[in-house]
1. Counting only residues that are surrounded by 16 or more Cβ atoms within 10 Å (Cβ to Cβ) and more than 19 Å from A:K321 (Cα to Cα), how many does region A:272-293 have?
2. Taking the conditions exactly as written (open to solvent by 80 Å² or more (accessible area, probe 1.4 Å), more than 14 Å from chain B (Cβ to nearest Cβ) and either touching a Lys or Arg at 6+ places or on another chain (Cβ under 7 Å) or not in a strand (DSSP E or B) (or both)), does A:L563 satisfy them or not?
3. Checking A:A691 against (1) buried (at least 16 other Cβ atoms within 10 Å of the Cβ); (2) within 26 Å of B:P122 (Cβ to Cβ): exactly one of these is not met. Which one?
4. When you check A:Y602 against the structure, is it modelled with pLDDT under 85, part of a helix (DSSP H, G or I) and within 10 Å of chain B (Cβ to nearest Cβ), yes or no?
5. For residues that are basic (K, R), open to solvent by 30 Å² or more (accessible area, probe 1.4 Å) and at pLDDT 75 or above, tally how many sit in region A:106-152.
6. If only one of A:G649, A:G633, A:G618 is within 11 Å of another protein chain (Cβ to nearest Cβ), of a type outside the set (S, T, N, Q) and over 60 Å from the mean Cα position of the chain (by Cα), which one is it?
7. Only one of these conditions is not met by A:V696: (1) outside any loop (DSSP other than H, G, I, E, B); (2) within 14 Å of chain B (Cβ to nearest Cβ). Which number is it?
8. Quick one: what pairs do we get from region A:293-311, first residue assigned by TED's automatic domain parsing to the domain that holds A:L259, second in a loop (DSSP other than H, G, I, E, B) and open to solvent by less than 40 Å² (accessible area, probe 1.4 Å), C-beta under 8 Å, 6+ apart or different chains?
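The values are calculated or read from the model by the stated rules, or taken from the named source; none is laboratory data. In this text, all values refer to a predicted model and were calculated from it rather than measured experimentally. Neighbour counts run over all protein chains shown; Cβ positions are idealised from the backbone, glycine included. Surface accessibility is based on the protein's heavy atoms, side chains included, excluding ligands, DNA and RNA. Shrake-Rupley method; radii C 1.70, N 1.55, O 1.52, S 1.80 Å.
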Amino acid sequence: MKDNQKKVISVTAALITMLIGLSVIIGWMTHNDFLKYLIIIPGAVKMKFNIALGFLFSSVVLLLHHFPGKTKVSIRISRGLCSIIFLIGFLTIAEYVLGVNIGMDELFVRDDQSTTATYYAGRMSPISAINFMLISVGLLTLKKEKTASYQFIYLSFIAFISIVTLIGINFISDIPTAIRLAVHVSIGFFILSVAIYYAQPELHHKIRFEQKLIAGFVASISLLTVISVLSIFYIGRLTDTTKSVEHARNVLSEAEQTLSFVKDIESGGRGYLITQDSSYLEHFMLARSNIHTNIRKLKELTQGRASLETILDSLSVYIDKRIAFTAKLITTRNENGFEAAQRLVLTKNGNRITDKIRHLITSIQRDETNLLTQRQKENAKSSRDFNNAFGILLVSMVALLTIVFFTVWINFSARTRAEKELMQVNRELEKNINQVKESKEKFSRIFDVNPVGISISRLPAGTMIDVNASLLKMYGFTLEEVVGRTAVELNMVDSDVREELIRELMQGVKVRDREILVRHKSGTMFPVLFSVDTFSMADKQFVITFSYDITDRKKAEERVIQLNTDLEANLQQLEMANKEMESFTYSVSHDLRTPLRAIDGYARMLDEDFSTVLDNEGRRLLDTIQYNAKKMGNLIDDLLAFSRLGKKGLQKTTVNTRELVENVLYEIGNSLSDNASVKIGNLQPIEADYALINQVFVNLLSNAAKYSSKKECPIIEIESKLHETEVIYSVKDNGAGFDMKYADMLFGVFQRLHKVNEFDGTGVGLAIAHRIVSKHGGRIWADAKPGEGATFFFSLPI
Amino acid sequence: MQMENAVVEILLVEDNPSDAEMAIRALRKKHIANHIVHLEDGAEALDFIFCSGVFTGRPVINPKVILLDLKMPKIGGLEVLRRVKSDERTNTIPVVVLTSSAEDPDIQTCYKLGANSYIVKPVGFDNFVKAVSDLGFYWVLLNQGPKDS
């Protein structure tokens, strides 16, 4: 049930109680019996005015609790009303205990219609009084956590008692006054207890199983008490009725005895008259001496019954008369003889007296028999009532114990189940703990053996709570010196550095691998890579820092920087040298060529203008001058081309080598002899600088053409082979070849293996080819035999 | 040197007398130019072109072409080129740079400054004569200059 629903129940119950109380109060005020009794049940009692008042006040307190309005005022009113309710109960109990009447029972109305069963007019039953005391306490301690469990117990008690009394009213006709409540009083108390219980649903979880059990036992004990009280009451009554039956029987037997004595007196006298045998006189004498004892006994037994007393008195008188008559008869027999006695008998005076006595005893016997019958009936009824009450209470007891048993049983099985679950949970927990232990161990190992110095500190103060060995070693402290102190206190880091870091952290900047300077215990500063992060645990903020000592790295870096600086200086020198070289080659190209041109030009002018003056030898000398000047020009041009190669970057494109070779062959076509045969094999395309590769082929092919030109059938073969990482090109000729022991000199600048008058050339072509191939990351080499030809290979990477 | 009022067809600025002589000989032999003025450094050339210094009073008539050597004492060929091409009066004169150098930066600079042609003097005399006479033929006889010159 939800808390709100419980509150609705409480309010409803309070309103019903209020209605009951109000209607009864109006009933008393207007002398309306219907309203007073409210529920008409034969033998029911009416609700007392004070009870109605108590119901009304209790319901008002409950409603104020639910709808407080002005809290302070409500509380004051509630407390006042509770005190009044308590006082009503308490004073009533006091009246009962002390046996006094302080007049509070009829304080408001007179109870002139009080039933005979009620001892005091207008006074409520002690059960009601106790109920009201408990209810006032319950209302005062509404929503008090500490008393919630006790409240549950006595509210259960009130509810239970209400049910018991209700049953008592309905099923047990002859109930003792003390526990006799009006039907609507019982109902009212039950509803009120429910109303109070549900007025505070917030506290229901406070009621533990034990308290429910106690409530059950309190109810059981009260039930047992009721059973005991009823037993005593009913057994007492049963004993009383049994006694009175016995009493009546005694009376009857005594009366019979009396009659018998009277008969003895009469028959004794008569016997003696006829026989004059003295043994008859003995009967008479015995009866005469005992009969009055009988009468006395009867008188004792029937003491207090006025009618019987009169009868017994007259019986006594007639018995005396009868004794006197018999005595006279005996005397007459003895003195006057039989006839005189006979005459006396014939007067019938004795018979009349006897008849009178018989009549009297019969009337006593009839009276007593009636009484006996009535008492026997009463006795039977008492046992029946006793059986009824006992039966009902026993059934209630059994029901109650069953409820208690099931409550215990359910709780017990729930506990057993819970225990099992708990054990399961415990096992899992243990497993978890082991895992946690394991991972904790792992992490503490990571923490301990980490080469990075780690510290964990509390925020905002920054007091360190744990640091690892690396950190201690790094800063030169011991664990005891560090824990509980801050890095600034220990002078590990300057406060401005820390503040800056904290400020960045607060702004959400991630501090990672920040290079900061920190201080060793000895005071020397050293650089660390510093990372920091915050995390929270159990609502507390922590900061974890990682310092990585980079002193060595810094030194290495400094070395690298120094080396770089040196290198740069070297590079600058180199560049300067390069520039110088450039300006040198510029000068060479510019200044060396000019005089050469003049030498050639003036030799030509001499030849043109003075050819008639010069003889053949003169002309030959001029030719030699011109030839050497031109050759010098070619040397300079080749040298410049060679030096220019170093400066140019590579501009790679996909080179169709076959097409390139065909073009080159076309270009150098006139240096090939007519009967030369050129074979172009498979030529792989390659990624390279077109112009430079073109130059390589120009040089190699013109060499091949040149050195094979003196053969009758020069053959030049060009092909390529694709390898894993490179392509190898080869240019083969069947020309002059060379001795392989000079192979090393082939690719040097101005290196020549042949005389100038054999094969013309500057000795730069292969050096240029070598330089170009090297620049592409390839190799160049040759294979040759003197007189048989040479093969030049060069490789280019794919 | 002909300093008359006649039109100067070629202004040759060349500090090397051998080159200058060979060039003039080549041009004469091919009958390309009647009026060639040869000056030996940049300063003289600028005086001539802008009619200043020793050439003050020279009639203001621009030559048909300037053959300009780059490497010269006092004021180099590049400076002469820059001054000629940045002056409104003279920037229409075709300038052919004659030099021994085939170096890239010079060629680039010359074209940027507005040179109309760049010729590397061949080492061989035959080639040199051919080159000089060809350019003379082109600039003096074939090329049509601006109308006002």
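1. Within region A:272-293, residues that are surrounded by 16 or more Cβ atoms within 10 Å (Cβ to Cβ) and more than 19 Å from A:K321 (Cα to Cα) number 1.
2. On the way: open to solvent by 80 Å² or more (accessible area, probe 1.4 Å): yes; more than 14 Å from chain B (Cβ to nearest Cβ): yes; either touching a Lys or Arg at 6+ places or on another chain (Cβ under 7 Å) or not in a strand (DSSP E or B) (or both): yes.
For A:L563, the condition - open to solvent by 80 Å² or more (accessible area, probe 1.4 Å), more than 14 Å from chain B (Cβ to nearest Cβ) and either touching a Lys or Arg at 6+ places or on another chain (Cβ under 7 Å) or not in a strand (DSSP E or B) (or both) - is met.
3. Tallying (1) buried (at least 16 other Cβ atoms within 10 Å of the Cβ); (2) within 26 Å of B:P122 (Cβ to Cβ), A:A691 fails exactly one: (1).
4. Working: modelled with pLDDT under 85: no; part of a helix (DSSP H, G or I): yes; within 10 Å of chain B (Cβ to nearest Cβ): yes.
For A:Y602, the condition - modelled with pLDDT under 85, part of a helix (DSSP H, G or I) and within 10 Å of chain B (Cβ to nearest Cβ) - is not met.
5. Going through region A:106-152 one residue at a time, the tally reaches 3.
6. That would be A:G633, the only listed residue that is within 11 Å of another protein chain (Cβ to nearest Cβ), of a type outside the set (S, T, N, Q) and over 60 Å from the mean Cα position of the chain (by Cα).
7. (2)
8. Taking only residues 6 or more apart or on different chains, the pairs are A:L308/A:T302; A:E309/A:T302.
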